1. Modelling each spin label as a point 7 Å along the Cα-to-Cβ direction, I'd like the residue 415/residue 80 distance in nm, to one decimal.
2. What is the distance in Å between the Cα centres of segment 165-192 and segment 280-301?
3. Expressed in nm to one decimal, what extension gain is obtained for the pair residue 152 and residue 350 from 0.36 nm per residue of sequence separation less their Cα-Cα distance?
4. Kirkwood hydrodynamic radius of segment 110-231 from all distinct Cα pairs, in Å?
5. May I ask you to sort 467, 442, 274 by Cβ crowding, counting other Cβ atoms within 10 Å and putting the fewest first?
6. Using the 10 angstrom Cβ neighbour count as an exposure proxy, how do 320, 361, 115, 228 rank, fewest first?
7. If you take the C-alpha gyration tensor of segment 243-283, multiply each eigenvalue by 5 and take the square root, what semi-axes do you get, largest first, in whole Å?
8. Only Cα pairs under 8 Å and at least 6 apart count here; give the relative contact order of segment 162-309 as a rounded whole percent.
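Nothing in this text is a laboratory measurement; each read-out follows from the coordinates by a stated rule. All values derive from a computational prediction rather than experimental measurement. Every residue, glycine among them, receives a Cβ derived from its backbone with ideal geometry; neighbour counts consider all protein chains shown.
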Amino acid sequence: MRRPAYGKRNSAVRALAAAFALLLLLPLAAGCHGSRERAVFEVPESFDTGKRYEITFWAKNDTNITQKRIYEKAAEDFHAIYPNINVVIRSFTDYGNIYNDVITNIPTNTTPNVCISYPDHIATYLTGENVVVPLDALISDPVFGFGGSGLAFDGAGSGGVIEKFLEEGKIGGVQYALPFMRSSEALYINRTYVERMGFTIPETVTWDWVWEVALAATRRDADGNYVCNGQKAMIPFIYKSTDNMMIQMTEQRGTGYTTDYGKALLFNDSTREILYTVAEHIADKSFSTFKISSYPGNHFNAGQCILAVDSTAGATWMGCGAPLSDIHESMKVNDFETVVTAVPQFDPEHPKMISQGPSLCIFNKDDPGEVLASWLFAQYLLSDGVQTAYSMTEGYVPVTYSAQNSAGYREYLDAPPDGDLHYKVKTDASRLILDNIDNTFITPVYNGSASLRDAAGQLIEETARQIRRGYEVDDAFIDKLYTDVAALYRLNERGVSAEGRADLGPLPATSVALLCGLTAVWAGIGAYFGISFLSARRRRRLSGGSTPR
């Protein structure tokens with residue numbers, strides 16, 4: 001016997017209703033972008049060493065097996081000190097992937113316990129209520145804080161973290177991040193080729209000097225070979241991060257790119273001058289960017305770039321004999337000397353360079369003891385052994401006074417150059433930061449600061465594309481560029497409202513997806529019942545009777 005049609009309809013209705021109920025429960029479980037009601041973390045009076053904890057640490061390394069082993073050793077050594085705390089490490093090769101996965105996990109409260117992130121990213125995590133743990137009370141706690149009496153290891157010590165580095169982790173005046181390593185940007189110069197063209201490297205390199213040298217390097221001989229390298233290929237000057245390029249140029253000029261509370265300062269005549277200069281040197285083929293030409297180190301090591309700006313953390317990819325060089329051996333040129341110096345300056349008497357590098361944040365959990373276990377591990381990552389070991393892998397510097405002044409780290413810096421651990425370009429990059437800590441600056445951090453950073457680089461990239469497509473860069477183009485970039489990154493909607501409240505920017509993707517899902521279910525239910533109602537009316541007309549209930 002055929003089952004009545006309404007039985008199938010009722011089953012389908014129940015399925016739709018269940019799906020709808022599930023979607024309705026998601027906001028209750030997750031809130032808006034992770035704002036599920038969580039208790040504010042308070043530092044426990046004691047730590048139960050008899051209770052077992054398993055904490056997750058999301059770490060980042062540049063496919064560098066040495067870095068991964070340092071993390072693993074840190075987790076093992078920490079477990080030996082606190083046998084009740086097991087640290088599970090998940091490795092990433094990109095900060096963006098960490099950021100995306102954290103955002104995805106916030107609504108379900110499946111975030112890691114400790115995470116490597118940029119402060120800009122952490123500011124976005126804070127859109128969820130009590131998601132990230134504020135660290136001020138933990139840092140100053142007499143038992144578990146810096147130099148606390150209850151620590152089972154030698155931590156950073158009271159006031160042991162360099163204040164300038166620590167300041168970068170403050171968001172809205174609250175300490176939400178600990179610096180893990182610090183780096184900056186450096187200008188890598190092929191001294192051999194530069195001097196071959198008759199130039200001398202000044203003590204402080206200026207932008208005028210860079211543009212002059214880069215233009216000279218475009219000169220070719222009668223056979224079409226570039227004079228400075230004798231090859232058919234040459235991109236004299238490549239900048240890896242155009243975000244940082246614009247941010248540092250505006251900082252050096254004194255115009256800045258943002259206020260502390262999130263107002264964009266980019267769209268002015270000073271930036272216009274920078275874009276005209278970029279256009280000029282894209283046009284004469286003396287300048288390019290990572291997004292156009294790929295990694296500067298690849299061209300630098302092939303002798304096809306003589307001026308390259310990249311992170312000091314990228315020093316192991318730069319120069320003759322670079323331990324992590326990516327290009328084939330047949331492409332490498334090994335007859336030049338590499339000089340590491342500060343990024344180009346407008347005012348050599350007052351140099352300014354950006355401070356950057358990975359930071360640590362701790363996510364809130366229902367069990368305060370679990371959060372405290374996470375804090376103990378985060379502190380352990382600031383201990384001298386971990387700090388010195390990790391800083392030796394690339395052009396980083398430790399973030400504590402004790403690690404920077406330790407005998408082991410000083411011996412590392414002073415050791416004769418070799419091809420790997422004491423690679424000269426790497427140690428020169430580290431020394432550059434140490435010698436210029438007072439000249440470094442930090443950028444304001446708030447929800448949306450990551451977007452404004454992207455916008456800063458986008459201005460340069462779009463100007464470069466305009467020239468490469470064969471079009472003119474003029475005031476009309478720049479005016480439209482300002483409007484388009486502000487709209488793309490929704491910068492006109494950020495900043496401070498008339499009431500003084502900071503705008504948090506657009507809804508997160510997870511919230512948008514949830515709202516779209518709810519809308520789709522409602523539409524599906526409405527469509528189903530509409531079709532069912534019309535079908536029932538048609539059957540009644542044909543049968544002259546009524547439909548079953």
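1. 2.1 nm
2. Here the two parts' Cα centres lie 25 Å apart.
3. Result for the pair: 66.9 nm of gain on full extension.
4. The answer is 19.2 Å.
5. 442, 467, 274
6. With the fewest neighbours first, 320, 361, 115, 228 line up as 320, 228, 361, 115.
7. Ellipsoid half-lengths, sorted descending, are 20, 10, 8 Å.
8. Over segment 162-309, the number comes to 30 percent.
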